[in-house]
Each structure stands twice: as structure tokens, then as C-alpha cells.
Amino acid sequence: MKQKIVVFTGAGVSAESGLKTFRDMGGLWHEHRLEDVASPDGWRRDPATVLRFYNERRLGVLAASPNAAHAAIARLEDKYEVTIVTQNIDDLHERAGSTRVLHVHGEILKARSTADESRIYPMRSPLIELGDLCELGSQLRPDVVWFGENVRFLSESAGYFAQADKVLAIGTSLTVWPAAGLVDYAPAEAERVFVSPDLQDVPDDYRFLRGTAVETVPGLVEEWLAQA
């Protein structure tokens with residue numbers, strides 16, 4: 001049987017493909033607080049601005065390409081059973097070739113109904129405009145988890161962590177909860193590695209590799225592939 005690897009990724013991985021993180025934006029977007037464009041209250045107050053914010057980010061995602069870290073992670077599937085748990089809302093892991101990706105904060109390339117959150121649609125256009133409706137007649141919104149909304153796949157992700165032989169966490173500040181708590185589910189006997197250029201508090205019992213994802217992950221992947 002193949003060993004199981006869980007890869008937990010945050011914004012630092014996508015940043016190396018040119019996608020700005022919320023922290024890079026300094027808490028502001030065109031003079032709007034992120035709470036105003038990434039919360040249910042902000043949506044109720046000004047849906048047009050929220051849609052414009054995500055339309056711009058979606059265009060950025062579509063223009064970006066997977067980087068060397070995304071490609072290396074996908075190669076792990078040659079010899080391991082790999083599950084990616086990502087806080088990122090882009091599709092760069094999938095475009096790099098990874099086949100099992102859990103997006104705990106949603107997916108920017110999908111839209112969903114505001115009347116029924118289970119109605120989720122792949123987008124045919126890169127834009128969602130006011131007046132774009134689901135079949136129930138309600139406005140479509142980005143299929144993204146906003147501040148104050150429930151994170152997805154938490155129990156499922158915790159189960160993958162708990163069964164992992166190896167855990168690789170990359171490019172996450174571990175400040176966005178509850179997803180940040182997933183790293184604590186890794187078994188004591190699992191090999192646990194954390195990759196970051198600047199993390200201050202490394203989780204207990206994780207080996208710390210200081211560096212960016214592109215600098216660090218391909219070498220680690222080659223090491224693991226040689227072990228398998």
C-alpha cells in the first residue's frame with residue numbers, strides 16, 4: 001500500500017505565482033476594508049463592490065500559472081496517496097495535476113446561490129454581475145468562505161491528517177482559524193515538515209524548513225520520492 005501524505009497549503013504557495021495575499025493588500029482593497037468585501041455584512045451593504053473585488057481576483061487567478069511548488073506536489077502522486085488541504089481559493093493545484101484537493105475556504109472559479117448555499121455552479125464566464133441569478137431567482141455570489149461563515153471539509157480534512165504518514169505544511173501563517181488547527185491532528189509517528197520563509201511559531205514536532213515554497217518544496221519532494 002502507498003503511504004499517505006497530506007499537504008496543507010496557504011497563501012504563500014499561490015503568492016509565488018503572482019497572486020497577492022490578503023496580508024499583501026495591507027488589510028485594504030481600493031480603500032475598502034477586507035471585512036467590507038469578504039463578509040456577509042459587506043455583501044448585504046454593497047454587493048456590487050464585493051462582486052467587483054472577486055471579479056478582479058478571479059481574472060488574476062485565470063492569468064496565473066502553477067509554479068514549481070505546485071508541480072512538485074503533484075509529482076508526489078507518482079508514489080504516494082496524496083490529499084491536499086488548501087486555504088487557497090484558486091485552482092493552481094488542480095492545474096498542476098493534483099487530483100484530490102479540498103478547498104476549505106471555497107473556490108473562486110465557482111459561483112453559488114444566495115438562497116441555497118448547496119447550489120454551486122462552475123463559472124462559464126470570469127465575471128459575476130448583479131442580475132446573474134440561480135434557477136431559484138436569487139443573485140449569484142462567489143463560492144468563497146467569508147469572515148464569519150463556516151469553513152468547509154474540516155472533519156474530513158482532520159481525518160486525512162490523522163491517518164497521514166507524512167504531513168507537509170507550506171506557506172500558511174497559521175493565523176486563520178479553524179483551519180489552522182488542522183496541523184495538530186497529525187499523528188505523533190508521522191513525518192511532519194513545515195515550510196515558510198518567516199514563520200515565528202512552528203507547530204510542535206514539525207521540522208522547519210526556512211524558505212519559500214519554490215525554493216524548498218521541489219527538493220523535499222525529490223527526497224520523499226526517493227524514499228518511496
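The values are calculated or read from the model by the stated rules, or taken from the named source; none is laboratory data. A quick note: this is a predicted structure, and the numbers were derived from the prediction, not measured. No Cβ is skipped: glycine too gets one built from the backbone with ideal geometry, and neighbour counts run over all protein chains shown. The accessibility values were calculated without ligands, DNA or RNA, using every heavy atom of the protein model including side chains. Shrake-Rupley method; radii C 1.70, N 1.55, O 1.52, S 1.80 Å.
Here are some notes:
- Around Val167: net Lys/Arg minus Asp/Glu count, Cβ-Cβ under 14 Å: -3
- Interatomic Cα distance distribution for the stretch 1-154, bins of 10 angstrom, percent: 11, 38, 34, 14, 3, 0
- Bridging of Lys166 to lysines at a Cα separation below 21 Å is possible for Lys2, Lys4, Lys79, once same-chain residues fewer than 8 apart are set aside.
- Ordering 174-186, 115-127, 70-82, 86-98 by mean Cβ neighbour count within 10 Å, with the highest value first, yields 86-98, 70-82, 174-186, 115-127.
- The chain, relative contact order [Cα under 8 Å, separation at least 6], %: 25 percent
- When the solvent-accessible area of the stretch 118-169 is split by element, carbon and sulfur atoms take up 53 percent of it, the probe being 1.4 Å.
- Counting only DSSP beta bridges with both residues in the chain, the antiparallel share comes to about 30 percent.
- Per residue, the stretch 81-224 exposes 47 Å² of solvent-accessible protein surface, assessed with a 1.4 angstrom probe and all protein chains in place.
- Nearest-ten-degree value, helix 213-227 long axis tilted from longest Cα axis of the chain: 40 degrees
- Burial order of peptide ranges 147-153, 58-64 (average beta-carbon count within 10 Å, highest first): 58-64, 147-153
- Spatial separation of Cα centroids for the stretch 91-158 and the stretch 180-210, in angstrom: 28 Å
- The stretch 125-228 shape via C-alpha gyration tensor axes, a/c threshold 1.5: prolate
- Apportionment of accessible area to carbon and sulfur, the stretch 53-109, percent (1.4 Å): 50 percent
- Packing-based ranking, highest mean first, of 33-40, 106-113 given that Cβ atoms within 10 Å are counted: 106-113, 33-40
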